[in-house]
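Heads up, the thing below is written out as structure tokens.
The values are calculated or read from the model by the stated rules, or taken from the named source; none is laboratory data. Computed from a predicted model, the values in this text were never measured in an experiment. Every residue, glycine among them, receives a Cβ derived from its backbone with ideal geometry; neighbour counts consider all protein chains shown. We work out accessible area using only protein heavy atoms, side chains counted, and drop any ligands, DNA or RNA first. Shrake-Rupley method; radii C 1.70, N 1.55, O 1.52, S 1.80 Å.
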Amino acid sequence: MTNNQESTTTSVDGSLLSLDKISSSYGPRAAIRQVSMEVKEGSQVCLLGPSGSGKTTILRAIAGFQRLSSGTICINGAIVSNPGYELPTEQRRVGMVFQDHALFPHLTIAENVGAGLRKLTRNRRRKQVLELLDQMGLGAYSERHPHELSGGEQQRVALARALAIKPILLLMDEPFSSLDLELRETMTQEISDFLKSNNITCIMVTHDQNDAFAIASEIGVMRDGQIVQWDTPYNLYHQPANRFVADFIGNGVFVEGTVISPGVIHTSFGELQASHPLELASGTAVEVLIRPDDVVPSSDQQILAKVVRLAFKGAEILYTLETELGGVLLGLFPSHTNYSVGQTIGIQLEVDHVVAFRRLSD
């Protein structure tokens, strides 16, 4: 492809990154299929999905590590990838944070962060590195080595190194997976605040929805090499596009029901009133998603349920409840309720967002 062809596209609606029906394979196996997405400048988005869904392949293709079999990738309005052309990775102005941090153990923190700044003079490189380390709260660690830092500090070093080259797009591949739960929650919030306050355009891939919700304003849920829903975290949870998304996002159980009118579903737990028409004909057999926050304790004991399992989560407890009607529900109650395994309690359903899908025949 000629240089003239490289710049024939322009950004769409202010998009910094555009993927137009991209596909890529590992040998005979298709890793991603006809994927399209737009990422606007200054936004933080996430590709979320189980292992093998294709999310990391997309990230590698954006970075220039993975060739396309079809489709086009544009960054800042210019084509960087299609089946006949690959702009070298180092010319894409893309920063990368890897899953294992990939820090050089024999280099100091300052040397790690400055590894991509070889074209600068020594003094200018040193000044730029120290300014960035100060911004990341790592100024006192410039002469230490990676093994002398905690996991969270190493994570910030990896981010500082990716940002040192002043990329227009930051890519993060499972950046928090090696951290313990408490540190993970702290780091996701710190990095989210940093990205937003500095208006850094970022794409993260992860299998962990908590990481995705903490970082991204928009999330693409992936399955079998395709994005099956691109939406806000709120809509993914309350308005999943299909059963896979409903099952993958959050906790919950499916109960059988029947549509008796456009906005009402009959279940063994009573009738559920939808806030909007369900677009399912009366008489349709459905599965209704019941989230833990849809189940609340009831002094009226509308439904009796026995506690068969509990998971303490600090301010809340997640209960597994075996109901008198034969079904199992999950309930997320304030921890001061403190029910015990084997105890029978009264519950009721308060479903603000009715999510139902046509029930497939057995």
Response to the item:
For the range 157-235 the mean separation of alpha carbon contacts under 8 Å (6+ apart) over residue count, i.e. relative contact order in percent, is 26 percent
Worksheet item: Under a 1.4 Å probe, what is the accessible area of the chain per residue, stated in Å²?
Response: 49 Å²
Worksheet item: Do the sum for the chain: with -39,500 (n - 2.57) for every DSSP H run of n ≥ 4, divided by all residues, what is the mean residue ellipticity at 222 nm, to the nearest 500 deg cm²/dmol?
Response: -6500 deg cm²/dmol
Response to the item:
Along the dipole axis of the chain (charges at Cβ: +1 for Lys and Arg, -1 for Asp and Glu; origin at the Cα centre), the most positive-end residue among ILE347, GLN302, ALA315 is ALA315
Discussion item. Can you give the local net charge around VAL228? Use residues other than it whose beta-carbon is closer than 13 angstrom to its beta-carbon, Lys and Arg +1, Asp and Glu -1.
Written reply: +1
Worksheet entry | Size of charge dipole - the chain - debye, nearest 20, with Cβ of Lys, Arg +1 and Asp, Glu -1, no other charges | 1720 debye
Response to the item:
Once the mean of 1/r over all distinct C-alpha pairs in the range 59-157 is inverted, the Kirkwood radius in Å reads 15.4 Å
Worksheet item: Say we join alpha carbon atoms closer than 10 Å with springs in a Gaussian network model of the chain; which of GLY52, GLY314, GLY71 then has the biggest fluctuation?
Response: GLY314
Worksheet, complete the sentence: Heads up, the range 300-354 by the C-alpha gyration tensor (a ≥ b ≥ c square roots of eigenvalues; a/c under 1.5 rounded, else a/b over b/c prolate, else oblate) looks oblate
Practice prompt. Enumerate the aspartates and glutamates that LYS127 could reach by cross-link, defined here as Cα to Cα under 18 Å, with residues fewer than 8 away along the same chain left out.
Written response: GLU111, GLU143
Worksheet item: Taking the Cα atoms of the range 188-296, what is the range of coordinates along each of the three principal axes, in descending order and whole Å?
Response: 52, 34, 22
Discussion item. Rounded, prolate or oblate for the range 214-362? Axes are the square roots of the Cα gyration tensor eigenvalues, ordered a ≥ b ≥ c, and the cut-off for rounded is a/c under 1.5.
Written reply: oblate
Fill in: Rounded, prolate or oblate (a/c below 1.5 giving rounded, otherwise prolate when a/b exceeds b/c) for the range 125-176 by Cα gyration tensor
oblate
Worksheet item: Expressed as a rounded percentage, what relative contact order does the chain have, with Cα pairs under 8 Å and six or more residues apart?
Response: 15 percent
Discussion item. Using only the alpha carbons of the range 67-115, what is the convex hull's orientation-averaged projected area in square nanometres?
Written reply: 4.8 nm²
Fill in: Global size of the chain as Cα Rg and Dmax, reported in angstrom
24.4, 75
Worksheet entry | Percent accessible area from carbon and sulfur atoms, the chain, protein chains only, probe 1.4 Å | 47 percent
Practice prompt. Determine, for each peptide in 28-39, 222-233, 179-190, the mean count of other beta carbons within 10 angstrom over its residues, then list the peptides with the highest first.
Written response: 222-233, 28-39, 179-190
Worksheet item: If packing is taken as the mean number of other Cβ atoms within 10 Å per residue, what is the order of 105-114, 302-311, highest first?
Response: 105-114, 302-311
Worksheet item: Hey, can you rank 55-64, 169-178, 240-249 by average C-beta count inside 10 Å, highest first?
Response: 55-64, 169-178, 240-249
